[in-house]
1. Kindly indicate whether residue 100 is modelled with pLDDT of 95 or more, over 22 Å from residue 65 (Cα atoms), among the hydrophobic types (A, V, I, L, M, F, W, C) and not in a strand (DSSP E or B).
2. Quick one: would you say residue 136 is surrounded by fewer than 16 Cβ atoms within 10 Å (Cβ to Cβ), among the β-branched types (Val, Ile, Thr) and without any contact (Cβ under 8 Å) to a residue 60 or more places away in the chain?
3. Can you spot a residue in region 78-97 that is closer than 15 Å to residue 156 by Cβ and either free of Cβ contacts under 8 Å to residues at least 12 places away in the same chain or among the hydroxyl-bearing types (Ser, Thr, Tyr) (or both)?
4. Output the residues belonging to region 53-63 that are on the phi < 0 side of the Ramachandran plot and modelled with pLDDT of 95 or more.
5. Residues of region 94-130 being under 17 Å from residue 81 (Cβ atoms), of a type outside the set (Val, Ile, Thr) and crowded, with 17+ Cβ neighbours inside 10 Å, which ones?
6. Could you please tell me which pairs satisfy a Cβ distance under 7 Å, a separation of 6+ or placement on different chains, a first residue in region 19-46 that is assigned to a loop (DSSP other than H, G, I, E, B), and a second residue that is exposed (fewer than 12 other Cβ atoms within 10 Å of the Cβ)?
Amino acid sequence: MKALLTGLLLAVSPVCVAQYCLTTGEETTPDANFTALDDAQVLHTTTQLVWQRCAQGQQWDGTTCTGQAKKYTWQEALQLAHQANDESQAGWRLPNVKELASVTDRLCVRPAINETFFPNTPPDDFWTSTPSLTDTQRAWVVAFFNSSHSIKQKDRFVYVRLVKTYIQP
């Protein structure tokens with residue numbers, strides 16, 4: 001019984017939930033592919049897309065993303081992006097499935113993203129703007145647990161990270 005309890009404690013300990021990356025294979029999101037632009041934005045030089053460092057609901061404190069990421073329905077996520085763009089006129093939007101997949105790190109899990117530039121990313125689904133072609137009630141998500149893609153019901157609550165196209169100063 002004691003061995004069973006010890007095994008259960010190890011299964012839920014913080015050590016078991018840290019990011020794990022393979023040590024062999026080609027990196028899909030090396031540090032060299034990113035440039036920090038300012039306190040809360042990162043340029044992915046491969047795609048020329050600017051990403052928010054933190055998921056919606058979190059704040060950048062100069063070193064990491066703090067606070068709790070917030071989940072939204074798909075419609076709320078689209079409205080959030082529209083509102084962010086209206087307030088700043090900066091071009092923020094919900095990324096499409098290919099854009100969001102471009103920042104997944106396929107050598108890592110929990111989360112499957114470059115933690116140097118995107119710290120404290122929830123290892124869970126994030127909405128994309130891409131609707132399902134076969135079901136109007138569903139849209140694509142990218143899972144930052146393991147870099148997978150799937151479609152989810154639009155009324156589910158899922159995380160959000162906004163993106164914009166880079167415009168050279």
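The values are calculated or read from the model by the stated rules, or taken from the named source; none is laboratory data. Computed from a prediction, not measured in an experiment: that's the story for all the values here. As a convention, Cβ positions derive from the backbone with ideal geometry for all residues, glycine included, and neighbour counts pool all protein chains shown.
1. No; evaluated as a whole, the condition is false for this residue.
2. Yes: the conditions hold for residue 136.
3. No, that holds for no residue.
4. Once the filter is applied, which keeps residues that are on the phi < 0 side of the Ramachandran plot and modelled with pLDDT of 95 or more, region 53-63 yields 53, 54, 55, 56, 58, 59, 60, 61.
5. Within region 94-130, 94, 95, 99, 100, 125, 126, 127, 129 qualify.
6. Qualifying pairs under 7 Å: 39/62.
Yes/no matrix, rows are residues, columns are (1) at pLDDT 95 or above; (2) buried (at least 18 other Cβ atoms within 10 Å of the Cβ):
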site: 29; (1), (2): no, yes
site: 38; (1), (2): no, no
site: 47; (1), (2): yes, no
site: 51; (1), (2): yes, yes
